[in-house]
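One structure is given below, encoded as structure tokens.
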Amino acid sequence: MAKFIDYTISPIPIQVVYRKVDRSKLKIKSLNVEQYGFLPRRSFRRDMASGQFIAFTYISRGRGTFQFNEAPVQHIAAGSLFWEWPGQIYQFGPADKEDWDEYYVIFEGSRVQEWKDNDLIPADSIMHVGIDPLWISKLEAIGAYLESGVPDNADRAALLLESLIYDFSQAHTANQTGHLQSQKQEIVLQVLNDIANTLYQPWNEQEIWERNHISRSTLRRIVHHNTGFPLNEYVNRLKVSEAKKLLNHTNLQIKEIAHKLGFEDVAYFSRLFKKYALTSAISFRRDPLNKATLNVTDPLSSRE
């Protein structure tokens, strides 16, 4: 593939290939690749750029910023790509005193609207897809097909472009899903830790959901889904587990333990203890075996 030097863009040779085939010779009318480029070690920025075709730029190395119209500046890095649309104004380029490697493809066609209608490409112009050598191979193959000047190869470039867009869409969705899952897991841990930190207080469900900025139904769903127990049962089991430790490792009276764990009604505490420990608090304290098994038995594992 042809290379040429443009020191205003990069200190090393770049590759730019235009479509050489008349559109009338193409069999695929709904998607035409107009231009392909590979700009290694790009060092200059584009300001107030606009074009008549659709384009995407994939960053394979380096980092920088991207902005369209008057939207906030977004930071991009290797494994990201950004879109350009006709009639919009863009500013982008590598970070100050740095450079990046970029691949770009310029194209047009009615097929693109179908991609947008089916959410294959995002509205915010940025996609985070990661790095995959296969994508680099597909990009380079698009350039080689376009360079050949053969009509069938120009059609092959269009088909390969659509395949690449689908790859990018799947990777972007997977990355978003992974991020959401991570966020959800953080919320789960936050909620369960918050509950565990309230064992020495009277149980107040409302304080938990308000403090964690979630609804009552979400709180209950989180606990049940992640522990297997309804919310109130889970809290009571935790309190009984804590009571076992106090019975074995302190000289506190049962009444004092109940009050410490937020129970005003000692009789109610005693009933809960017997329900989940399968023995009374007095019997538990008197049984020497409990001291040996307390630290190896999961108090939440017993289910009626």
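The values are calculated or read from the model by the stated rules, or taken from the named source; none is laboratory data. Note that the coordinates shown come from a computational prediction; the quantities given were computed from them, not determined experimentally. Using ideal geometry, Cβ is built from the backbone for each residue, glycine included, and neighbour counts are taken over all protein chains shown. Areas reflect the complete protein model, heavy atoms only, side chains present, ligands, DNA and RNA absent. Shrake-Rupley method; radii C 1.70, N 1.55, O 1.52, S 1.80 Å.
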- Taking only DSSP H segments of four or more residues, each worth -39500 (n - 2.57), what value at 222 nm results for the chain once the sum is divided by all its residues, to the nearest 500 deg cm²/dmol? -14500 deg cm²/dmol
- Query: To the nearest 20 debye, what is the magnitude of the charge dipole of region 129-213 about its Cα centre, counting +1 on the Cβ of each Lys and Arg and -1 on the Cβ of each Asp and Glu?
  - Reply: 100 debye
- Note on the structure: Computed over the Cα atoms of region 1-135, the Rg and Dmax in Å are 15.2, 45
- Message: Explain nothing, just the number: dipole magnitude of the chain about its Cα centre with +1 on each Lys and Arg Cβ and -1 on each Asp and Glu Cβ, in debye rounded to the nearest 20.
- Response: 1300 debye
- 23 Å tail of the calculated P(r), the chain, as % of Cα pairs: 68 percent
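Are any of the pairs 184/274; 29/138; 116/184; 3/29; 29/97 more than 32 Å apart by Cα-Cα distance, and if so, which?
Pairs exceeding 32 Å: 184/274; 29/97.
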- Item | Degrees separating the helix 231-249 axis from the principal Cα axis of the chain, which is the longest one | 50 degrees
- Message: Run through region 3-112 and list the GluC sites (Glu not before Pro) located in a DSSP loop whose Cβ has at most 14 other Cβ atoms within 10 Å.
- Response: 70, 98
- Set Lys and Arg Cβ to +1 and Asp and Glu Cβ to -1, take the dipole of region 2-106 about its Cα centre, and tell me which of 55, 65, 10 lies farthest positive. 55
- Item | Lys, Arg +1 and Asp, Glu -1 on Cβ, resulting dipole of region 114-270 about Cα centre, debye, nearest 20 | 1200 debye
- Item | Candidate lysines - alpha carbon under 20 Å from residue 275, same-chain residues fewer than 8 apart omitted | 239, 244, 245, 255, 260, 291
- Under 18 Å from a point 7 Å along the Cα-to-Cβ line of residue 110: which residues of region 14-45 have their amide N that close? 23-33
- Along region 196-211, Karplus-curve 3J(HN,Hα) (6.51, -1.76, 1.60; θ = phi - 60°) to the nearest Hz, with x for Gly and Pro, reads 4, 7, 10, 4, 9, 9, x, 5, 9, 4, 4, 4, 5, 6, 6, 5
- Report, to the nearest whole %, how much of the accessible area of the chain belongs to carbon and sulfur atoms, 1.4 Å probe, protein only. 52 percent
- Task: Taking H placed 1.01 Å from N in the peptide plane, check which residues at least 5 places from residue 89 or on another chain put their amide H under 5 Å from its amide H.
- Result: 69
- Item | Loop-located chymotrypsin sites (Phe, Trp or Tyr not before Pro) in region 1-77 whose Cβ has at most 11 other Cβ within 10 Å (DSSP) | 7
- Give the distance, in whole Å, between the Cα centre of region 205-235 and the Cα centre of region 104-121. 43 Å
- Note on the structure: Given the candidates 214, 93, 82, the one whose Cα lies deepest towards the positive end of the charge dipole of the chain, counting +1 at each Lys or Arg C-beta and -1 at each Asp or Glu C-beta, is 214
- Task: Would you mind getting the accessible area per residue of the chain, heavy atoms of the protein chains only, 1.4 Å probe, in Å²?
- Result: 55 Å²
